[in-house]
1. Arranged by the count of other C-beta atoms within 10 angstrom, fewest first, what order do B:165, B:222, A:303 take?
2. Taking the radius of gyration and the Kirkwood hydrodynamic radius from Cα positions alone, what is the Rg/Rh ratio for the range B:94-158, to two decimal places?
3. Quick one: A:318, A:274, A:285, A:170, fewest Cβ neighbours within 10 Å first, how do they rank?
4. By the gyration tensor of its Cα atoms, with a ≥ b ≥ c the square roots of the eigenvalues, what is the shape of chain B: rounded for a/c under 1.5, prolate for a/b over b/c, or oblate?
5. Pairing the Cα long axis of helix A:189-200 with the longest principal axis of chain A, what angle in degrees results, from 0 to 90 and rounded to the nearest 10?
6. Among A:312, B:175, A:320, A:209, which comes first, second and so on when ranked by fewest other beta-carbon atoms within 10 Å?
7. By how many degrees, between 0 and 90 and to the nearest 10, does the Cα long axis of helix A:302-332 differ from the longest principal axis of chain A?
8. On a 0 to 90° scale, report how tilted helix A:74-108 is relative to the longest principal axis of chain A, with both axes built from alpha carbons and the result rounded to the nearest 10.
Amino acid sequence: MAHRAQREDLLLLSDRVEEVDALAAGCLHNARRQASRTGRRLALKSPTARLLQRLDALDPGPDAPAAPARPGLPFLEAMGARGWKWARHQRDGAVFAVEMIRAVFDLAGGRSRTWPGATWRQLHELGTTALPVVLLLTGLIGLTLALLMGQQLAEYGASIHLATLMGVAFTREVGPLLTAVILAGRSGSAITAELASMKVQEEIDALRTMGAREAVFLVAPRLLAMMISMPILALFASACGISAGLLIAVFELGLSPDVYLQILSEAVVAQDIFWILVKSAVFAFIIVFLACRIGLSVHGGSDAVGRATTSTVVAGIFWTIIADCAFALVLYL
Amino acid sequence: MPEPVLSVRDLRAGYGTREILKKVSVDVAPGEIRVVLGGSGSGKSTFLRNVLGLETPWSGEVRVLGENLAAGGHAADRARNHLGVLFQQGALVTSLTVGQNVMLPLVLDGIRPDGAAEEIARARLSRVRLSHAWGLYPGELSGGMRKRAALARALVREPRILFCDEPSAGLDPLTSKELDELLLELRDTLGLSIVLVTHELDSIRALAEKVLYLHLGEVLFDGPFQDALDHGPARIRDFFARRLDPADAILSSSWEILT
Ligand SMILES: Nc1ncnc2c1ncn2[C@@H]1O[C@H](COP(=O)(O)OP(=O)(O)O)[C@@H](O)[C@H]1O
Ligand SMILES: [Mg+2]
């Protein structure tokens, strides 16, 4: 693919090259250095922006100062640098969280704008369309748990308490948590993928030059939509799990539905419902915070979008579970 | 000389601790087409991003219609409304239709996306000969159409200066020529100033009145295109010679020379 023209310049027909991996970029970079050392030049035919970008990334720059030899304690210095970086990351996170909350108020107060109806649209995309999968999965988990617990309880002649266990488990733990995990995977990754690809394609830059604030234009509608829809989904999820328990109680354990509902109403109190809503709203905030922050901090090409999406799912599930444990400690210990 | 619409003084900028632009100054007059040239990595995009406020300059001054953008406040915000930008791939918002994209700057100013806003947007779209694409999504457009739609969006607030970063990148020569003609027409009818980064020799020949040549973050030449050809610094004459010289035809305008 390379040939020589006059002047001994090295020419590369790179116009068909769509993607370069690190190795190819390294080879090109070397060729360029060698050429310049021998007073020749390396020319690329219609290189893609991506190719130039990769080459630039390898270029230390004309005035990059050689790293000065640093005297002193390298270990302490490395620890210090790492700690400093960590602290800055946390601070930026806090700033982002505050900005998210401010954005919601600015949007509500009309001080800054998004596309009309954006929140409704997100409510549909992030909330309504998640309902079937949430119901299906909580229903299946409900059936499984009820079956296992029901058999144990039956051995002790305590089948009647299946209603207590299912009520407590699904309102206090399984309903909100399972909903959050499903939405972290489904809606969290969707948010990150969308924002990251907007970032990569300069859509976010374009919005900024038009005077939009991405926290208001993009983040606030998603935050509102998730904080509204997730508590509602969690209620549905809890109800669905508990109903699955009812099926097992009636058809497997031979209880009457009236008794199940009677025991259930004694086990589940209004406070439990309240905490479903609060917990789910907090989970929603965590998921949207992570999804937006990770999505908006992407830079590079489309491969970065995929990696960002994965880290949103992992971080979303991780922090949701941590928050869930914190709630359990505070509420029930 | 009329008061410049854009005046950049001693702009220093970079990423992290790495300095990219060292004291760049330039004035752009009303109705002028200014082409920013330079090898790959010479800081052309960085220059545009700092002028547009997408990055914060380390020091120096960017004045649009006399207002210092760095000073902030309402005057700076109003001045910023006089800037329109055409990004390389168009950067249309994918979840909105072409019509909605064109109305977007107005919506951000608090105008409802119907009635008057729609009328203005349709007028802009017909100016870039894209009326038929009103209801399509960006994903349904070709590269050239996407750029024309983005151009309509950039024009909807009636900016005084239009910035374009390599508008012909990724376009075939014919489409690219049409885009150049469109830019010229817009300058002539609207009196826009245009600041344009390009590599394409054809575009440079068609559009360049004055050029700004950046090299390693410094201004190597600032003046009329013809002067640059006739008696600019050796590096610039070399830059064009390699692109103009028929004997060197293989190094046509589509070649990127890494120095
Ligand atoms: N976001 C960024 N972070 C760090 N360095 C960057 C970034 N963008 C560009 N650079 C570097 O700045 C230099 C100038 O880049 P750029 O302004 O894009 O050049 P040009 O547009 O003239 O090709 C390059 O060496 C590039 O590697
Ligand atoms: Mg560039």
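Here, each number is a calculation from the coordinates, and none is a lab measurement. Being a predicted model, the structure only gives us computed values, none of them experimental. Virtual Cβ from ideal backbone geometry, glycine too; neighbours counted across all protein chains shown.
1. Details: B:165 21, B:222 17, A:303 10.
Exposure proxy ranking, most exposed first: A:303, B:222, B:165.
2. On the way: Rg = 10.5 Å, Rh = 11.3 Å.
Reported Rg/Rh, Kirkwood definition of Rh: 0.93.
3. So the residues, fewest neighbours to most, are A:274, A:318, A:285, A:170.
4. Working: a/c = 1.89, a/b = 1.29, b/c = 1.47.
Oblate shape, in that a/c is at least 1.5 and b/c is the bigger or equal ratio.
5. Computed tilt is about 20 degrees.
6. On the way: A:312 28, B:175 17, A:320 25, A:209 21.
By the 10 Å Cβ count, ascending: B:175, A:209, A:320, A:312.
7. Taking Cα atoms only, the helix is inclined about 30 degrees.
8. Computed tilt is about 60 degrees.
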